[in-house]
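Peer 1: The structure under discussion is supplied below as structure tokens; questions concerning it will follow.
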Amino acid sequence: MAEPGTATVPPVRHRITGTLTARTVGVACAVALLSVLVTAAVAIPLGVQGTERGARASLAAKADLVAAAVADAPDDARRAALLDRLAGELAGQGIELVGIAPGTVPRQLPTSVLRRLAAGEPVAARRPARIDGRPTLLEGRPTGGQTAVVLLQPLRPGAGRLVWSNLWLALVAGLGAGLVAGVLLAARLSRPIRAAAHAAQRLRTGDRTVRVPVEPPVEAAQLAHALNDLAAALAASEARQRDFLLSISHELRTPLTTLRGYAEALADGVVDADATGPTGRIMLDEAHRLDRLVGDLLALARLEAADFTIEVADVDLGTLLADAVAAWSSRFAGTGVTVTLAAPPAPLLVRTDPGRLRQVVDILLDNALRVVPAGGTVRIDVPSDPQVTDPDTVAVQVHDDGPGFSDDDLAVIFERGALHRRYRGERSVGTGIGLALAAGLTQRIGGRITAGHSPGGGAVFTLRLPRRPTGPVASGGLT
């Protein structure tokens, strides 16, 4: 039985006709069959025409020879004898020889043929003539003295079948080659897809070491690269999540251990009456620390949620920063750190969510309080330098006298837990989620945040916010 909250994947039932291999083979066979049919439809008429052309050329050559022989005969008797002998020889080849002489009535021939022969013109019919109801090739040649000879060769029936009998083997071979090519093509195309499906199945089961071989064609290679990049990204993301959870568990365990220790001491009566007040304050501070940590985690988890509410309003930036400094002054004074504010000389309105903006400022001040040593200073100002701001934005900068960050730190400073993993045990670090939360909140309220090196040493965080629009302001919130 599946655990509650987990998605189950229904089994996929494969039918042989639904696979890519079967469909590719079917398409290849259909294409090969269509090619065979088209080839046959074109080749058979061409073959029949070629056969007719060959027979016509042969008949024309025989007609020329017969006409030349008859024309050379010295008299009518020898001419008649020659015609009889040639008629017998041609009859054995399926050709009928018809002699035309003045006063004779030849067998029924087309009138146009007789007229042209009488005029002394040779006749070569481009199309078979209809003689005695049969398509017949006809070649006529004048032999002089109003005489002529005509050769008739009836076309053999079944010329198409004859051509087909010579072509069918080649056509079947082409169909077989198409089938083999389809099988090979299907195997070639389906192999990378099967490999990708297998890799995706292993990814679903949690195996992040799987990689898909990169091989042509280009589309298969792109799919392999995408799956390999996905596996690598999942492995890196899960590694970051594990490190983040380990750091968070450490931060949770520390105040919980303190609370449990003092609670056990109170329960066992170890703490006397005079120490009850300080013990309670320590427990209260640890409880507040836990509450802030849980609140930050929840806010960070909800940043990408659709129901993360943003209440936009016109905010006086100077007033908001002054309230933040006033709220943090006592905590800074308790650690020997001075916090100053260079407020804008006139009210400066920005269009943003005041609660989310104050949360970002609090995160930056809390981060500064953690790293600045006693005697140091934290400065907040609203610069008007064109290199920092522009006509569409207002900038807020938080400078500190802490140890600062390296260029490598600045590249990952807003990633969850990145600095916590790097500096844990070396300097005072928080949970590793504060700056990530500040970056996410700033983006959601329409601004952007960057980190750099402060000119006087330490670090500087620059928060850029959109200015208040000059036109009428719409009421209501933005979600």
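Peer 1: Multiplying the sequence separation of A61 and D285 by 0.36 nm and subtracting their Cα-Cα distance, what value in nm do you get?
Peer 2: 68.6 nm is the gain from fully extending A61 to D285.
Peer 1: Okay, moving on. Expressed as a fraction of 2.2 N^0.38 Å, the rule-of-thumb size for a compact globular protein of N residues, what is the C-alpha radius of gyration of the range 313-466?
Peer 2: 0.99
Peer 1: Arrange the peptides 29-36, 445-452 so that the one whose residues have, on average, the most other Cβ atoms within 10 Å appears first.
Peer 2: 445-452, 29-36
Peer 1: Moving to a separate point now. Taking the mean number of other Cβ atoms within 10 Å as a proxy for protection, how do you rank 95-102, 122-129, 232-239, 393-400 from highest to lowest?
Peer 2: Final packing ranking: 393-400, 95-102, 122-129, 232-239.
Peer 1: In addition: How many nm separate the modelled label positions at A411 and L230, each set 7 Å beyond the Cα in the direction of the Cβ?
Peer 2: Each label point lies 7 Å from its Cα, and together they span 2.8 nm.
Peer 1: If a/c stays under 1.5 just call it rounded; otherwise compare a/b with b/c (prolate if a/b is bigger, oblate if not). Do that for the range 21-161, with a ≥ b ≥ c from the square roots of the Cα gyration tensor eigenvalues.
Peer 2: Since a/c reaches 1.5 and a/b is larger than b/c, the shape of the range 21-161 is classed as prolate.
Peer 1: Here is a follow-up. Sorted by packing (mean other beta-carbon atoms within 10 Å per residue), highest first, where do 264-270, 197-203, 60-66 land?
Peer 2: 60-66, 197-203, 264-270
Peer 1: While we're on this one: Among T335, L463, V350, pick out the residue whose Cα is farthest towards the positive end of the charge dipole of the range 313-466, where Lys and Arg carry +1 and Asp and Glu carry -1 on C-beta, about the Cα centre.
Peer 2: Farthest along the dipole direction, towards plus: T335.
A short reminder: the numbers here are calculations on the coordinates, not readings from a lab. Just so it is clear, the model here is predicted, and its values are computed rather than measured. We place every Cβ from the backbone using ideal geometry, glycine too, and count neighbours over all the protein chains shown.
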